[in-house]
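As structure tokens, the structure follows; a few thoughts come after it.
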Ligand code: HEM
């Protein structure tokens, strides 16, 4: 048995964690609810490793690239995602890949990986561009649109089509709306210090029970259709139903459902948020915006972009990557220590929570000089090569690295090119927009980002 004294035995050589002082009893938990990015920045300014308390519980922010490697790769299985993730996701969604742990996670990850490999993802490029072309046609010249809402519609349609080969997939569709209800419920629940049982008939739970019934009924129908008519269909669901583990076993319908709901949730708001921030930053940097327009006009000459065009659109990719640096949608991730462990000489006791925040990591001056400056050239291949391996982490790393990373990068680059070719945007004046991670699991722009559309 591992004991505290056995694993933390070299006490004299261990480094001491510096703690930010919070309020009596609650610690920094109120600060976290009010302004979590501000709190993370203050912790990062205080040192490479800094602790605080949420109530009586210590929370430690590790902010060096090697800490990401140590916690997410080297000690990946010494940590899990913690109670708040398990108790929130599992009753509602089932034990999908985002909340599963240990051997079960490893096995699921292996089963689910093939559809996300670059060679397979390529087949979704046309779907992405097609929906981009569809949505831009609904924007009249000189009209005003809320860009984040539009990007959400767009990525919802794309994930709906790629998962289920279903065409109508918006928040007004019953399935789309049940998915949105589910992820609102999950993101609110994750913020609560404790959760009343999901079975209790509280108003939020009742809304969620209804949404869950719709999800299960509709996804079951998709599954049954594919089982009855096993024709080739190019959607994730078909691939999940065919996937077999080493013993030749397929997933249960219930597990397939949990994975579909997980992909849906993890795969649309993240990318929509990244695209909203991209347009916001482009509107504020006209020189960079002009270079994007020049690139798409020269390469595409009016054609809808395809997978084959991607290598010819490097500036669009640099812009998208730089946006993910400044405003990483997954601004922080947390892990709970399963045993006593030492990270970079700092003792972490069993049960403690550690935070890793791409938001603060990406603002380290030694890797990203003038970190608030929007400078896509940081991602020119020759400069990107010089970055230390774990200095840029919008998708995490290790065995739980974002499974949709290639999908998301392709989607960002393609949609940026598709839309930039047809329209240009300008921000309406007097909008105060900042990243707001309190309304959802990702760091969205606060409020609507209203832009005026000019058809090109
Ligand atoms: C710009 C868009 C995206 C960003 C910034 C992003 C970011 C991330 C990050 C940081 C993680 C790791 C979280 C952790 O270690 O705790 C993650 C995990 C995950 N992402 Fe993404 N993601 C994006 C798009 C997508 C897409 C398009 C999909 C699916 C179609 C997806 C599916 C997932 C899944 C299933 C996991 C859990 C993987 C596991 O635990 O094994 N993501 N994502």
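Which of rounded, prolate, oblate describes segment 190-262, given a ≥ b ≥ c as roots of the alpha-carbon gyration tensor eigenvalues and a/c under 1.5 marking rounded, otherwise prolate only if a/b is larger than b/c? Prolate. Rounded, prolate or oblate, given the Cα gyration tensor of segment 255-307, with a/c below 1.5 counting as rounded? Since a/c reaches 1.5 but b/c is at least a/b, the shape of segment 255-307 is classed as oblate.
Can you tell me the relative contact order of segment 247-364? Whole percent, Cα pairs under 8 Å, sequence separation 6 or more. If you can, show how the numbers build up before the last one.
Values: 85 pairs, mean separation 24.9, N = 118.
Relative contact order comes out at 21 percent.
Pair-distance distribution P(r) for segment 300-456, from all Cα-Cα distances in 10 Å bins starting at 0: 9, 29, 35, 19, 6, 2 percent. Between residue 452 and residue 380, the simple label model (points 7 Å from Cα in the Cβ direction) yields a spacing of 3.4 nm. The helix-based estimate of mean residue ellipticity at 222 nm for the chain, built from -39,500 (n - 2.57) per DSSP H run of four or more residues and divided by its residue count, is -15000 deg cm²/dmol to the nearest 500.
You can think of it this way: the chain between residue 293 and residue 254 has 9.5 nm of extra reach, that is 0.36 nm per residue less the Cα-Cα gap.
Based on the Cβ-Cβ distance of residue 284 and residue 247, what FRET efficiency does E = 1/(1 + (r/R0)^6) give at R0 = 51 Å, to the nearest 0.05? Plugging the Cβ-Cβ distance into 1/(1 + (r/R0)^6) gives 0.40.
Of all DSSP beta bridges in the chain, what percent run antiparallel (nearest 5)? Each step should come with its number before you reach the end.
Details: 27 of 33 bridges.
Taking every DSSP beta bridge within the chain, about 80 percent pair in antiparallel fashion.
The order of 75, 18, going from fewest to most other C-beta atoms within 10 Å of their C-beta, is 18, 75.
Based only on other Cβ atoms within 10 Å, what is the fewest-to-most ordering of 252, 129, 446?
Values: 252 10, 129 23, 446 16.
Ascending number of Cβ neighbours within 10 Å: 252, 446, 129.
Shape verdict for segment 223-365, please, from the Cα gyration tensor: rounded (a/c under 1.5), prolate (a/b greater than b/c) or oblate. In terms of gyration-tensor shape, oblate. Taking max minus min of the alpha-carbon positions on each principal axis, the chain gives extents of 67, 55, 43 Å, largest first. Computed from the Kirkwood radius of its Cα pairs, the Stokes-Einstein diffusion coefficient for segment 1-135 at 25 °C and 0.890 mPa s stands at 129 µm²/s. As a proxy for reagent exposure, ranking 67, 53 by other Cβ atoms within 10 Å from fewest up yields 53, 67. What the Cβ-Cβ distance of residue 312 and residue 83 gives, at R0 = 51 Å and to the nearest 0.05, is a FRET efficiency of 0.60.
All of the numbers you see were taken from the coordinates with simple rules; none came from a lab. Since the model is a prediction, treat every value here as computed from it, not as a measurement. Here the Cβ is made from the backbone with ideal geometry for all residues, glycine too, and neighbour counts use every protein chain on show.
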